[in-house]
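A short write-up of the structure that comes next.
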Amino acid sequence: MTIKELIETAKAKNTNIDEEKIVKAYNFALLAHKGQKRKTGEDYIQHPLITAYRLAQTGMGSKTLIAALLHDVPEDTKYTLKDIRREFGKEVEFIVSGITKLGKIKLRGRKQEYYLENLRRMFLAMAADIRTVLIKLSDRFHNMETLDVLPPKKQYRISKETMEIYAPIANRLGIGWIKGGLEDMSFQYVYPKMYNEVDKMTKEKYQERMAVVKKFIKELKKVLKNEGIEVLDIHGRAKHLYRLYLKLKRHSMNIDEIYDLVAVRIIVPEIRNCYETLGVIHKHYLPLIKRIKDYISLPKPNGYRSLHTTVFALGGKLIEVQIRTPQMHEEAEYGIAAHWLYSEKKTFAELIANKRKKERDNLKRMKRELTWVRQLRKWQEISGTDSEEFFKSLRIDFLNDRIFAFTPAGDVIDLPEGATPIDFAYEVHTEVGHSAIGAKADGSPVPLDYMIQNGEVIEIVVQKGKKTPDIKWLNFIKTSNARMKIKDVLKKEKKFIF
């Protein structure tokens with residue numbers, strides 16, 4: 001990797017790049033890291049260069065790339081944050097200082113409390129400036145790519161941390177390429193036997209599935225052309241190994257039941273074209289009704305938007321098709337980073353404060369998608385210095401997979417997987433939670449400890465005048481929001497000592 005390649009890539013994605021300052025940062029880092037080598041034997045400067053390069057591919061601005069080039073300087077060289085501030089300004093210093101703090105996070109049992117406290121700071125730093133975490137994710141991605149030079153124990157520890165913390169963060173920020181890459185690279189070190197088994201299983205089936213998909217794509221192109229559908233791109237997409245493994249576990253490791261080992265992805269100009277394309281496909285190919293998913297009308301919590309359908313084609317073979325616009329595709333790959341294209345916003349608050357009309361819809365979605373980032377500040381105030389409680393809440397509410405449920409009025413409630421009607425009730429309103437005595441899922445009565453399924457309409461049955469939650473709810477609820485509100489009432493009424 002060279003500085004020329006970095007600049008060319010940055011300019012190709014962002015017309016506002018300040019080449020002179022980026023080159024200055026590179027030369028500063030080159031001098032600071034002079035003589036240093038990585039475990040791989042290559043010059044250390046390659047690491048910050050590649051970290052910055054990956055961010056340049058997402059369209060990040062000059063200050064982010066400068067901070068990426070300098071991110072290891074204060075911790076690994078004689079130069080300090082003051083030096084960075086003097087040469088590159090307060091904003092770059094702030095980002096680099098955040099990364100320096102994150103570099104101290106280690107997943108070690110004997111220092112668990114220290115780890116948890118630093119993890120808390122990491123998420124609070126995200127709320128202050130998401131660029132800090134984006135750089136850290138890119139930094140971790142390159143470290144994982146060179147993990148083979150480390151001893152087995154370190155490989156396992158770093159991979160475990162990556163799988164449990166960094167990949168879920170990338171997922172919550174909607175950065176598909178980082179999430180998928182981190183999961184797959186971690187998979188081979190954390191579960192080596194299963195990795196080898198899935199890898200072998202995939203290689204045996206991949207060529208077969210790809211041949212089917214290529215034949216289907218050739219046929220589909222003709223169908224769409226004859227129907228007057230403009231297609232910008234159509235290609236096959238292989239499923240990531242770790243995600244495949246998780247899916248295989250749900251299907252008794254039977255790969256023949258996995259229909260999206262290789263999926264077809266169609267890129268069309270506008271949203272209306274997505275639905276037109278879906279209609280044409282269903283006109284010519286019988287769909288599997290239960291596998292039609294509209295993530296455009298109802299995006300995933302991390303902002304992912306696309307239409308999914310699985311159809312019978314080529315004599316009865318099941319093939320998954322994904323339909324999206326170029327913007328949706330970019331957001332699926334780059335997530336929150338895509339919102340920084342052609343701009344350099346300092347904080348999340350500043351980003352969503354931008355009221356330009358052309359960005360209004362994007363900003364509205366971002367407010368909804370990243371509500372959880374702002375919640376972190378509130379949680380710190382509530383949990384105080386209890387890092388263990390904070391981490392437990394974090395793992396459940398933010399790092400788990402998410403589901404959607406609807407109120408009877410059609411409002412969308414975003415919940416962690418495994419959430420119950422009581423969790424749902426407290427997300428609707430505190431008083432609804434306190435007064436709950438029953439629930440219905442899609443019109444049928446369910447117990448209050450029922451595990452809500454994605455897409456269900458949940459109705460909470462309340463008792464007028466009831467203001468005290470049941471202490472037994474603490475045994476099965478999932479969200480920290482519900483737990484905190486229940487404990488608060490019980491403490492005040494002195495019905496439970498915490």
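Pairs only if they're at least six apart or on different chains, beta carbon under 8 angstrom, first in segment 80-95 and in the same structural domain as Tyr26 (by TED's automatic domain parsing) and surrounded by 21 or more Cβ atoms within 10 Å (Cβ to Cβ), second at pLDDT below 95 and not in a helix (DSSP H, G or I); list them, first residue then second. Pairs that qualify, where the first residue is in the same structural domain as Tyr26 (by TED's automatic domain parsing) and surrounded by 21 or more Cβ atoms within 10 Å (Cβ to Cβ) and the partner is at pLDDT below 95 and not in a helix (DSSP H, G or I), are Phe94/Asp129; Ile95/Asp129.
Restricting the search to helices (runs of 4 or more DSSP H) fully inside segment 132-246 and requiring at least 2 residues that are modelled with pLDDT of 90 or more and surrounded by 15 or more Cβ atoms within 10 Å (Cβ to Cβ) gives 152-161, 176-190, 192-226. Is there a residue in segment 83-104 that is farther than 16 Å from Arg131 by Cα, polar (S, T, N, Q) and out of contact with any Cys (no Cβ under 9 Å at 6 or more places or on another chain)? No: segment 83-104 contains no residue that is farther than 16 Å from Arg131 by Cα, polar (S, T, N, Q) and out of contact with any Cys (no Cβ under 9 Å at 6 or more places or on another chain). When segment 20-60 is limited to residues that are aromatic (Phe, Trp, Tyr) and out of contact with any His (no Cβ under 6 Å at 6 or more places or on another chain), the one that is farthest from Pro74 (Cα to Cα) turns out to be Tyr53. Leu318 fulfils the conditions (1) touching a helix residue (DSSP H, G or I) at 6+ places or on another chain (Cβ under 8 Å); (2) over 24 Å from Leu173 (Cα atoms) except for a single criterion, (1). Residues that are over 14 Å from the mean Cα position of the chain (by Cα), in a loop (DSSP other than H, G, I, E, B) and surrounded by fewer than 21 Cβ atoms within 10 Å (Cβ to Cβ) within segment 280-337 comprise Tyr285, Leu286, Leu288, Ile292, Tyr295, Ile296, Ser297, Leu298, Leu314, Gly315, Gly316, Thr325, listed in sequence order.
Going through segment 404-424 one residue at a time, which ones are in a helix (DSSP H, G or I) and either more than 26 Å from Ile296 (Cβ to Cβ) or small (Gly, Ala, Ser) (or both)? Answer for segment 404-424, where residues must be in a helix (DSSP H, G or I) and either more than 26 Å from Ile296 (Cβ to Cβ) or small (Gly, Ala, Ser) (or both): Pro421, Ile422, Asp423. Restricting to segment 413-422, name every residue that is at pLDDT 95 or above and not polar (S, T, N, Q). Residues satisfying the conditions are Pro421, Ile422.
Per the conditions (1) over 29 Å from Pro326 (Cβ atoms); (2) surrounded by fewer than 22 Cβ atoms within 10 Å (Cβ to Cβ); (3) touching a residue at least 40 places away in the same chain (Cβ under 8 Å), the sole criterion not satisfied by Thr15 is (1). At least 3 residues being charged (D, E, K, R) and over 24 Å from the mean Cα position of the chain (by Cα) is the threshold, and among the helices (runs of 4 or more DSSP H) wholly inside segment 1-100 those reaching it are 3-13, 19-32, 81-88. Within segment 237-252, is even one residue over 26 Å from the mean Cα position of the chain (by Cα), of a type outside the set (Gly, Ala, Ser) and not assigned by TED's automatic domain parsing to the domain that holds Pro168? No: segment 237-252 contains no residue that is over 26 Å from the mean Cα position of the chain (by Cα), of a type outside the set (Gly, Ala, Ser) and not assigned by TED's automatic domain parsing to the domain that holds Pro168. Screening Glu431, Glu389, Glu427 for residues that are part of a helix (DSSP H, G or I), modelled with pLDDT of 85 or more and either under 25 Å from the mean Cα position of the chain (by Cα) or surrounded by 15 or more Cβ atoms within 10 Å (Cβ to Cβ) (or both) leaves exactly one candidate, Glu427.
Note on segment 453-498: residues that are assigned to a strand (DSSP E or B) and at pLDDT below 85 total 0. For segment 443-452, the set of residues classified as in a loop (DSSP other than H, G, I, E, B) and over 15 Å from Ile477 (Cα atoms) consists of Gly443 only.
Checked against (1) hydrophobic (A, V, I, L, M, F, W, C); (2) modelled with pLDDT under 50; (3) out of contact with any Asp or Glu (no Cβ under 8 Å at 6 or more places or on another chain), Phe348 passes all but condition (3).
The values are calculated or read from the model by the stated rules, or taken from the named source; none is laboratory data. From a predicted model like this one, the values you see are computed outputs, not experimental measurements. Quick reminder, even Gly has a Cβ in these numbers, built from the backbone with ideal geometry, and neighbours come from all protein chains shown.
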